[in-house]
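K.L.:
Sharing a structure with you now.
The values are calculated or read from the model by the stated rules, or taken from the named source; none is laboratory data. Source: prediction; values computed, not measured. Cβ sites come from the backbone with ideal geometry, for glycine too, and all protein chains shown count toward neighbours.
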Ligand SMILES: Cc1cc2nc3c(=O)[nH]c(=O)nc-3n(C[C@H](O)[C@H](O)[C@H](O)COP(=O)(O)OP(=O)(O)OC[C@H]3O[C@@H](n4cnc5c(N)ncnc54)[C@H](O)[C@@H]3O)c2cc1C
């Protein structure tokens, strides 16, 4: 039986481990940090005694690979799943509306939802429907184009870009509309938001993210493998028929094949010239702000916020189903490169004032506590042409394989992309 070493215990490494075990391989998982999850992570805020994430993560029904993993780990029940796509929208000029696709199944649900969505003019709605029809028939021209170029070419107005397309693009691609690879986003639409009710619905974890994946530890050890935490791998040696990996203390581990499931900037240090493609990838930041207010002020799980720096708001107490007097909201600012150097207090003041403008109910509701989390390398920057760089990532000598949300999955740099990359890497091991 082959013994496989996995370096990196993010979603890609974890899903690799899951598939390898199911195929009967012996598996070790090596992780730098003292916990699993990588960019899906959670920890306790001691002051308020709440478990919070390194940033809100949203899944959609199309996340088949990640959902299969959670079913396998018995944590699928920790997700809150919509019946159909429903998004509440608030804007900074006091308007609110909703995109409710629950009236009918299939694309008709989306079309009826759009018709009732107040932020768009009739002309905007017709043009979106025409766009969706072209998408369905595969006649949108997107190769080597930015999504903004495609949207403009397809007569999408500035208003529909601002209110409808941009929130979706920033949430899924974490890249500005003007530089974002159109083909990659069109895949998201085809497989997700415009692929029927089951695929489009939003799924949100009810618990801290680590709880979703921690059972992999027992699964690995029950199958005679080891999980090595606080174990940074610094060297890879290819011998005749084995791969030896060395950790920072010089300790060696020997495998038949390995899967490297770490971000590309770390790969250069491990592999060098054979992975010169690693230099071609850039990442994009996300800022997450957690605000604890004295009282609840929202009656929806989450909302898109238009015309502000805040893009999405999540009502953590309602999502978790916990009974608490106070409110806890998490705010997401994607593609946050312009704000990333701002001080935490400045960011909180900005977000608090934007929220108070949108929700007058908040005016006598005191802010009790805050946390700001800046993830500088949150996701791959999905610029035009990124797919060409991803295609260069190939196994070395059929024994060193790569996984990670940045590898060639035809999906954006997401949880599902990471999970799928793990499966693709495992399929290369024969
Ligand atoms: C704030 C934020 C919000 C996000 N929101 C969403 C969302 O809503 N929906 C969505 O689908 N995706 C979202 N993402 C993206 C998603 O989290 C990532 O795409 C995914 O988790 C990446 O998984 P990965 O396994 O490819 O990489 P990582 O999670 O980065 O895992 C790599 C692991 O390798 C370890 N490592 C690195 N070097 C070494 C070494 N030398 N030796 C041993 N271990 C090493 C790291 O510590 C890490 O644990 C978000 C990301 C962030 C940061």
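K.L.:
Criterion first (within 27 Å of the chain's Cα centre (by Cα), more than 10 Å from the ligand (Cβ to nearest atom) and within 29 Å of residue 143 (Cβ to Cβ)) does residue 196 satisfy it?
P.N.:
Yes; evaluated as a whole, the condition is true for this residue.
K.L.:
Right, here's the next one. Quick check: is even one residue across segment 399-407 surrounded by fewer than 19 Cβ atoms within 10 Å (Cβ to Cβ), touching a residue at least 24 places away in the same chain (Cβ under 8 Å) and away from the ligand (no atom under 12 Å from the Cβ)?
P.N.:
yes
K.L.:
With the requirement that a residue be under 21 Å from the mean Cα position of the chain (by Cα) and on the phi > 0 side of the Ramachandran plot, what does segment 317-336 give you?
P.N.:
If the condition is that a residue be under 21 Å from the mean Cα position of the chain (by Cα) and on the phi > 0 side of the Ramachandran plot, then 335 is the only one that fits.
K.L.:
For segment 104-120, what are the residues that are in contact (Cβ under 8 Å) with a residue 12 or more places away in the chain, over 18 Å from residue 136 (Cα atoms) and touching a helix residue (DSSP H, G or I) at 6+ places or on another chain (Cβ under 7 Å)?
P.N.:
Selection gives 119, 120.
K.L.:
In segment 413-430, what count of residues is obtained for those that are in a loop (DSSP other than H, G, I, E, B), surrounded by fewer than 24 Cβ atoms within 10 Å (Cβ to Cβ) and modelled with pLDDT of 95 or more?
P.N.:
Of the residues in that region, 2 qualify.
K.L.:
Considering (1) more than 21 Å from the chain's Cα centre (by Cα); (2) more than 16 Å from the ligand (Cβ to nearest atom), say which one residue 384 fails and leave the rest.
P.N.:
(1)
K.L.:
Right, something else. Looking at (1) modelled with pLDDT of 95 or more; (2) touching a helix residue (DSSP H, G or I) at 6+ places or on another chain (Cβ under 9 Å), which is the only condition residue 323 fails?
P.N.:
(1)
K.L.:
Residues of segment 264-281 being under 22 Å from residue 36 (Cβ atoms) and buried (at least 21 other Cβ atoms within 10 Å of the Cβ), which ones?
P.N.:
Correct list: 264, 267.
K.L.:
Can you tell me which of 307, 343, 321 is within 20 Å of residue 45 (Cβ to Cβ) and touching a residue at least 60 places away in the same chain (Cβ under 8 Å)?
P.N.:
Result of the check over 307, 343, 321: 321.
K.L.:
Residues in segment 43-70 that are in contact with a strand residue (DSSP E or B) (Cβ under 9 Å, 6 or more places away or on another chain), within 11 Å of the ligand (Cβ to nearest atom) and assigned to a loop (DSSP other than H, G, I, E, B): how many?
P.N.:
Qualifying residue count, segment 43-70: 6.
K.L.:
Could you look through segment 153-175, keep only residues that are touching a helix residue (DSSP H, G or I) at 6+ places or on another chain (Cβ under 8 Å) and surrounded by fewer than 22 Cβ atoms within 10 Å (Cβ to Cβ), and pick out the one that is nearest to residue 418 (Cα to Cα)?
P.N.:
Applying the filter and picking the extreme gives 168.
K.L.:
Just one of the numbered conditions (1) loosely packed, with under 15 Cβ neighbours inside 10 Å; (2) part of a helix (DSSP H, G or I) is not true of residue 144; which one?
P.N.:
Against the list (1) loosely packed, with under 15 Cβ neighbours inside 10 Å; (2) part of a helix (DSSP H, G or I), residue 144 comes up short only on (2).
K.L.:
When the residues of segment 230-250 are filtered to those that are surrounded by 11 or more Cβ atoms within 10 Å (Cβ to Cβ) and part of a loop (DSSP other than H, G, I, E, B), which remaining residue is farthest from the ligand (Cβ to nearest atom)?
P.N.:
Per the stated criteria, the residue is 242.
K.L.:
Also, quick follow-up: Does at least one position in segment 33-42 carry a residue that is under 26 Å from residue 330 (Cα atoms) and not in a loop (DSSP other than H, G, I, E, B)?
P.N.:
Yes, because at least one residue in segment 33-42 is under 26 Å from residue 330 (Cα atoms) and not in a loop (DSSP other than H, G, I, E, B).
K.L.:
Look at residue 337 and say whether it is within 16 Å of residue 317 (Cβ to Cβ), at pLDDT 95 or above and within 16 Å of the ligand (Cβ to nearest atom).
P.N.:
Against the criterion (within 16 Å of residue 317 (Cβ to Cβ), at pLDDT 95 or above and within 16 Å of the ligand (Cβ to nearest atom)), residue 337 does not qualify.
K.L.:
Hey, could you check segment 1-32 for residues that are within 11 Å of the ligand (Cβ to nearest atom) and in a strand (DSSP E or B) and say which is surrounded by the most Cβ atoms within 10 Å (Cβ to Cβ)?
P.N.:
Across segment 1-32, the extreme among qualifying residues is 6.
K.L.:
Another one. What's the total number of residues in segment 255-271 that are more than 14 Å from the ligand (Cβ to nearest atom) and part of a helix (DSSP H, G or I)?
P.N.:
Adding up the residues that qualify gives 0.
K.L.:
Determine if segment 71-85 includes at least one residue that is under 21 Å from residue 409 (Cβ atoms), within 12 Å of the ligand (Cβ to nearest atom) and not in a loop (DSSP other than H, G, I, E, B).
P.N.:
no
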